[in-house]
Amino acid sequence: MISGTIPDEICSLQNIGDLTVRQNRISGPLPSCLGNLTSLRNLYLASNRLNSSLPESLWSLQDLLIFDAASNSLCGVSRLQVPPCQVNSPRRARRKRVLFSILYSLLGITSVFVALAVGFLILRRRNRNEPSGLTDQVSSMRAYERVSYYELQQATNGFSADDLLGIGSFSKVYKGVKDGMTFSVKVFKLEHEGAFKSFETECEILRNLRHRNLTKVITSCSHSKFKALILEYMPNGTLDKWLHSHDLFLDMVHRLDIMVDVASALDYLHNGYSEPVVHCDLKPSNILLDQNMVGHLSDFGIAKLLGAEDSFRQTNTIGTIGYIAPEYGQDGLVSTSCDVYSFRIVMMETFTRRRPSDEIFTGDLSLKQWVNDSLPSGVTQLVDADLMRPKEEPLNAEMQCLVSVMELALSCTSVSPDARIKMKEALLALKKIRIQLVTKLNFEVRLNPESSLQ
């Protein structure tokens with residue numbers, strides 16, 4: 001029920017990240033100094049009585065992700081995706097003000113619907129002193145951050161099958177190239193039920209998240225019949241591809257490094273943000289590898305935000321069978337412990353190269369049971385055969401690492417969510433295992449110079 005205008009004094013709040021004044025009676029123009037709020041990420045003005053032109057300074061907000069001004073009477077330059085302002089004579093302007101006064105008297109709080117509700121993602125400023133390479137390419141994308149459908153169509157050769165990188169339940173991902181820069185285009189299949197919600201969820205979740213092991217969103221393209229996210233390109237594809245392709249290979253240290261990367265991302269989602277985020281669909285095909293083989297967690301289409309005081313949420317959306325926790329699959333209960341459970345499956349798959357859906361797992365035998373029954377003496381039967389050197393015994397350090405990793409994975413698989421370890425504990429344990437592995441490998445190689453690291 002707030003009325004009046006937005007005061008210029010609000011522009012002194014230089015660190016404000018979210019400004020929400022929805023469903024009030026605010027009128028008058030927007031302060032032109034709003035463009036000085038460089039930290040502003042979300043601006044919600046919907047359902048008010050604003051009747052003016054939008055200040056062009058809004059376009060300079062590099063971190064602005066969500067702008068919602070629906071149910072007002074606003075106009076401006078076309079770049080702000082609002083109707084253009086008409087140049088009216090004073091006489092016509094007076095008639096219009098009278099007309100608006102009569103309409104408000106008759107219809108109460110009903111506004112004239114002429115504005116928009118648009119969600120868009122904009123590339124954050126990057127350090128200009130960072131090394132050249134893909135980072136510089138992504139930063140340069142700001143030159144055309146308001147990407148259009150036509151530009152995406154050109155960049156992907158008409159969304160050609162030759163540029164298709166992967167297919168998910170609600171989307172297809174293409175490789176795009178524009179002006180010598182490479183990026184990924186995630187196109188949502190709006191004909192599928194749930195695709196629109198998936199797009200909205202990814203925008204909601206990713207708009208405030210910043211972590212080196214999360215896939216970076218550059219911008220978006222959103223229309224009524226087309227929605228896409230433009231993502232940082234990951235030249236080495238998915239972890240799933242590296243685990244299950246016969247012509248690709250990851251050594252022990254690389255696999256452990258990627259698990260540390262994924263655990264770091266999950267720890268950030270669970271503990272590093274104001275509201276815990278549950279990914280809900282952790283699996284190797286959602287772990288992307290950059291040019292340096294660093295792991296990045298992707299695909300937040302069914303992720304869930306927990307309230308600050310909530311330990312779980314109820315949902316009807318189910319992740320991938322074989323990776324989801326029992327309480328998630330049976331009762332739809334989602335918590336950070338669900339991600340912990342999925343992470344242990346990914347760890348087991350990474351070092352055994354056995355999917356939970358592998359044909360050997362039938363009846364009562366599951367990936368978890370197979371690992372549990374094989375430890376510790378049968379670890380050599382568990383491990384991916386490609387990790388075993390031909391014609392020689394595996395290094396003791398590697399076997400000790402495998403036992404430690406599998407024991408850690410099993411500690412994440414308790415039926416009771418409360419009994420599972422937390423992601424922060426899992427991350428610390430993985431870092432410790434990695435330090436021990438590298439130290440022992442270097443020592444064993446010095447003792448046996450003829451042996452070389454994989």
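The values are calculated or read from the model by the stated rules, or taken from the named source; none is laboratory data. Source: prediction; values computed, not measured. For neighbour counting, all protein chains shown are included, and Cβ atoms are generated from backbone atoms with ideal geometry for every residue, glycine included. To get the accessible areas, we keep the full protein, side chains included, count just its heavy atoms, and leave off ligands, DNA and RNA. Shrake-Rupley method; radii C 1.70, N 1.55, O 1.52, S 1.80 Å.
What's the carbon and sulfur percent of the range 267-374's accessible surface, probe 1.4 angstrom, rounded to a whole number? Roughly 41 percent, rounded to a whole number. Taking amide H positions as modeled 1.01 Å from N, with prolines and chain starts lacking one, the residues under 5 Å from S220 and 5 or more places away or on another chain are L121, V147, I230. For the peptides 250-260, 375-385, the ranking by packing is 250-260, 375-385, with the highest mean count of neighbouring Cβ atoms within 10 Å listed first. Would you please classify the overall shape of the range 204-301 from the alpha carbon gyration tensor, given that a ≥ b ≥ c denote the square roots of the eigenvalues, rounded means a/c under 1.5, and beyond that prolate means a/b larger than b/c while oblate covers the rest? Here the range 204-301 falls in the oblate category.
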